[in-house]
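The structure under discussion appears below in the form of structure tokens.
The values are calculated or read from the model by the stated rules, or taken from the named source; none is laboratory data. No experiment lies behind these values; they were computed from the predicted model shown. Here the Cβ positions follow ideal geometry from the backbone for every residue, glycine too, while neighbour counts run over all protein chains shown.
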Amino acid sequence: MKLSSIELGEASVEQEKVLSRAQSTIGFVPNLIKKMANAPVIAEAYLTVGEIFSKSSFSAIEQQLILLTVSRYHECAYCMAAHSAIAKMQSVPKEIIEAIRNDEDLSNPKLAALRNLTENMVATRGNPDESVLKEFLEVGYDDSQVLEIILGISMKILSNYTNHVAETELDEMMEPERWHVNK
């Protein structure tokens, strides 16, 4: 099912509000937000959760690792491309981005534990395996960060599921980061 894209200038007052917010926050209106604007509340929720998640205790590298991990698990090609591009802009090392994109091991034990817990939380619907949670805490993360992972997962569920339903086309700037599932 392909949802329509809502464009600035042809939007209702509510739709215009979220499209303009994206324009001013991001610098352009991504195709994802144009699809979400069909229901402005989801676009508003996504933008708000994204702003809040950016204030978490996780570094930019860790945040992008969480968002890419969830997007890969959900096989969301749009978000994989988007967050690969964003990760590069935030100077996330290429080997980390590629390891997640290609479902390969991470050499950094702390980042590997973060990735493992994030993926395990998604796979178990929020009931992580004790051993995975223990490993996460043993490498130096804390209880608050377990909850911050849930925030990142929530953000990606909004966008991953929207992209699946809407069949969102990649934005031109994301095209070099196009991703296909390799199982």
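Structural remarks
- Hey, ILE42 closer than 17 Å to ASN182 by Cβ and β-branched (Val, Ile, Thr) or not: no
- Within the stretch 156-178, tally of residues that are buried (at least 22 other Cβ atoms within 10 Å of the Cβ), out of contact with any Cys (no Cβ under 7 Å at 6 or more places or on another chain) and either free of Cβ contacts under 8 Å to residues at least 24 places away in the same chain or more than 10 Å from ALA82 (Cβ to Cβ) (or both): 1
- Of the candidates LEU3, LEU65, the single residue that is of a type outside the set (Gly, Ala, Ser) and over 29 Å from THR124 (Cβ atoms) is LEU3.
- When GLU138 is tested against (1) surrounded by 17 or more Cβ atoms within 10 Å (Cβ to Cβ); (2) more than 21 Å from THR48 (Cβ to Cβ), just one condition goes unmet, and that condition is (1).
- On inspection, PHE53 qualifies as of a type in the set (A, V, I, L, M, F, W, C) and under 28 Å from GLN145 (Cβ atoms).
- Entirely in the stretch 1-119, the helices (runs of 4 or more DSSP H) that have 3 or more residues that are surrounded by fewer than 16 Cβ atoms within 10 Å (Cβ to Cβ) and at pLDDT 95 or above: 13-26, 40-53, 94-101
- Taken over the stretch 74-115, residues that are on the phi > 0 side of the Ramachandran plot and within 14 Å of the chain's Cα centre (by Cα) amount to 1.
- Total residues in the stretch 141-183, condition charged (D, E, K, R) and under 14 Å from ILE66 (Cα atoms): 2
- The condition of being over 16 Å from SER154 (Cβ atoms) and touching a residue at least 40 places away in the same chain (Cβ under 8 Å) holds for only one of ILE61, ILE96, ILE100, that being ILE61.
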